[in-house]
1. Please list, ordered by chain and number, the residues whose modelled amide H lies under 5 Å from the amide H of MET106; skip anything fewer than 5 residues away on the same chain.
2. Which ³J(HN,Hα) values in Hz, rounded to whole numbers, follow from the phi angles of region 123-129 under the Karplus curve 6.51 cos²θ - 1.76 cosθ + 1.60, where θ = phi - 60° and Gly and Pro get x?
3. Considering the options ALA158, ILE95, TYR126, tell which one lies farthest towards the positive end of the dipole of region 75-158, charges being +1 on Lys and Arg and -1 on Asp and Glu at the Cβ, about the Cα centre.
4. Percentage of Cα-Cα pair distances in region 59-162 greater than 20 Å, rounded to whole percent?
5. Near the amide H of LEU73, under 5 Å away, which other amide H atoms are found, from residues 5 or more places off or on another chain, if H is placed in the peptide plane?
6. Is region 42-94 rounded, prolate or oblate when judged by the Cα gyration tensor, a ≥ b ≥ c being the square roots of its eigenvalues, rounded requiring a/c under 1.5 and prolate requiring a/b larger than b/c?
7. Over all distinct alpha-carbon pairs, what is the Kirkwood Rh of region 75-120 in angstrom?
Amino acid sequence: MRVTRGLLLVLGIPALLILTALSTLADTSPSPASNASGAATLPGDPEKGQTLFAQNCTTCHGASLEGGIGPALNPIEKLPGVSNPLDPTYLIGIITNGRTENGRVMPPKGGNANLTEQDVKDLAAYIIQQNRNPGGAALSPGELAKRTILWVTIGIIAMIFVTYLLSSYNMRWIARRAAARRK
């Protein structure tokens, strides 16, 4: 009986540690949405871009980039004919020149002619950064699957361990009751 419990502990504790490590890896491994731009550096300063976005873009694209009058920017809507909507050159071009798509019109520079070239780069950097950091966005399907598998596995292992402990206690209790009846 003690060998079985010891074996369970010897296998169960490392398994739990490995699953915990996997959860850390699942949390830090890049998902397809988190590095979709392929660019190593951002075209501008995302902090300045956040301020500019709040001042100029939230009316159409929402405070959390969730969309509204304009398309969602986090996660960014995949537009027809656009292979990578997070390409800095593409974003800077759209912000600078505007776009008309399915009856939706984005005026050049979002209707604010006072935006400089650097302001446009900062806005593009903010949009790219928000799509790389899914903190505000839903998890990608792959990342969600990893986390779900991990926590379901941890739950199953924990239930097996608790069941084993309860059954071994119950068997000892039954043996003691049987011994007491024999006396």
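1. Under 5 Å from the amide H of MET106 lie the amide H atoms of ARG99, THR100, GLU101, each far enough along the sequence or on another chain.
2. 4, 4, 4, 5, 5, 5, 4
3. Result: ALA158.
4. 49 percent
5. For LEU73, the qualifying residues are GLU66, GLY67.
6. Judged from the Cα gyration tensor, region 42-94 comes out oblate (a/c at least 1.5, b/c at or above a/b).
7. Working: mean 1/r = 0.0884 Å⁻¹.
So the Kirkwood estimate lands at 11.3 Å.
Bear in mind these aren't lab numbers, they're just calculated from the coordinates by the rules spelled out. Because the structure is a prediction, the values reported are computed rather than measured. Don't worry about glycine lacking a Cβ; one is built from the backbone with ideal geometry, like all the others, and counts go over all protein chains shown.
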